[in-house]
């Protein structure tokens, strides 16, 4: 399995709009085992994204999906930046096969 954990900053006051866009455009991604978007309770414009994929190739392929490309285009104006991204190797857990 392949995993990513990242922190993204929304433009001021745009966090909920960004979350809504991301949830709308990430529903059907082959090889995606888990995709969780969470509000950062300590910072009003920050979100965390935790992803688990069957493999790294599935993640890379997802970036070419029309729905994902459309979401990225619509979300760009709402994104202020990316704080961090960490690659992981998930081994299992609740909801992960």
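Checking a compactness column here: for the chain, what do you get for Rg(Cα) / (2.2 N^0.38 Å), N being the number of residues? Can you show the working numbers first?
Numbers: Rg = 13.2 Å, N = 97, 2.2 N^0.38 = 12.5 Å.
Against the compact-globule rule of thumb, the ratio is 1.06.
Using Cβ contacts closer than 10 Å as the measure, can you line up 60, 9 from fewest to most? Write down the numbers at each step before the final one.
Numbers: 60 12, 9 18.
The order, fewest Cβ neighbours first, is 60, 9.
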What is the helix-to-structure angle for 66-75, meaning the angle in degrees between its Cα long axis and the longest Cα principal axis of the chain, kept from 0 to 90 and rounded to the nearest 10? 30 degrees
In 5 Å bins starting at zero, report the fraction of Cα pairs in region 53-97 per bin as a rounded %. 4, 16, 16, 21, 22, 15, 5, 0
Descending packing, highest mean Cβ count within 10 Å first, for 86-93, 13-20 is 13-20, 86-93
In nm, give the distance between the simple-model label positions of residue 23 and residue 74, each being 7 Å from the Cα along the Cα-to-Cβ direction. 1.4 nm
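How long is the gain from residue 42 to residue 88 if the chain were fully straight, where each residue apart is worth 0.36 nm and the alpha carbon distance is subtracted? Could the numbers behind the result be given before it?
Values: separation 46, 0.36 × 46 = 16.56 nm, distance 2.35 nm.
Fully extending the segment from residue 42 to residue 88 adds 14.2 nm.
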To test your reading of the geometry: what angle, between 0 and 90 degrees and rounded to tens, separates the Cα axis of helix 15-24 from the longest principal axis of the chain? 40 degrees
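Coordinate-derived values only; no laboratory data. In this text the structure is predicted, and so the values were computed from the model without any measurement. All Cβ positions, even for glycine, are placed from backbone atoms using ideal geometry, and neighbour counts span all protein chains on display.
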